[in-house]
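The values are calculated or read from the model by the stated rules, or taken from the named source; none is laboratory data. Just so you know, these numbers come straight off a predicted model, no measurement behind them. Here the Cβ positions follow ideal geometry from the backbone for every residue, glycine too, while neighbour counts run over all protein chains shown.
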């Protein structure tokens, strides 16, 4: 089974590509969903986050205050690295479990959808890399609208992520999201056809 990494910076349109491929019947493992799963109340990951970023990243009931964590973790590349160092081992274990399920079900391709794959520990598990890109201003506007933050905060968040140049250099396939949603979906279909044709 081929493991395909679908990645890109926040607000690039990656989720649209993932949804399309899922509709086409391919297993898509959502790293964001798994990241939420590993920080459920009582998890060891939560304890480590509280130690690294301050006990007030948890509310009185032990639930993660995501806005507080995001503000601190994305304030610099170094802080973002601390976050991934804590969360990634647990996330990788769950991704690998789901990949095993896909393999046992007879899937020829499994897609791992995540913003932080290239340059991260999970990279070595992937066979092909599909990178979705969009202009920084467009991405920042999408992030601001989605997360209810200012575009300035959104640009700060983008600044802490892996540079687009690095993503482009690693990409086996590049999907440039510079037009309409229909154009994005058409390019995503073309890439999927290439990936399935290689199996």
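Before moving on, here are some points about what is shown:
- Total residues in the stretch 111-136, condition farther than 21 Å from residue 13 by Cβ and either touching a strand residue (DSSP E or B) at 6+ places or on another chain (Cβ under 9 Å) or modelled with pLDDT of 95 or more (or both): 4
- Selection status of residue 158, touching a residue at least 60 places away in the same chain (Cβ under 8 Å), in contact with a strand residue (DSSP E or B) (Cβ under 9 Å, 6 or more places away or on another chain), assigned to a helix (DSSP H, G or I) and surrounded by 12 or more Cβ atoms within 10 Å (Cβ to Cβ): no
- With respect to (1) closer than 21 Å to residue 191 by Cα; (2) modelled with pLDDT of 85 or more, the lone exception for residue 146 is condition (1).
- Out of 42, 25, sole residue that is over 19 Å from residue 149 (Cα atoms), modelled with pLDDT under 90, assigned to a loop (DSSP other than H, G, I, E, B) and more than 18 Å from the chain's Cα centre (by Cα): 42
For every residue, the table says whether it meets (1) assigned to a helix (DSSP H, G or I); (2) within 19 Å of residue 112 (Cα to Cα); (3) modelled with pLDDT of 85 or more.
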| residue | (1), (2), (3) |
| --- | --- |
| 138 | yes, no, no |
| 153 | yes, no, yes |
| 188 | yes, yes, yes |
| 191 | yes, yes, yes |
| 195 | yes, yes, yes |
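- Selection within the stretch 105-136 - in a helix (DSSP H, G or I) and surrounded by 16 or more Cβ atoms within 10 Å (Cβ to Cβ): 122, 136
- The stretch 161-186 - residue that is under 16 Å from the mean Cα position of the chain (by Cα) and assigned to a helix (DSSP H, G or I) and, of those, surrounded by the most Cβ atoms within 10 Å (Cβ to Cβ): 167
- Criterion (without any contact (Cβ under 8 Å) to a residue 40 or more places away in the chain and crowded, with 17+ Cβ neighbours inside 10 Å) met by exactly one of 36, 65, 72, 97: 72
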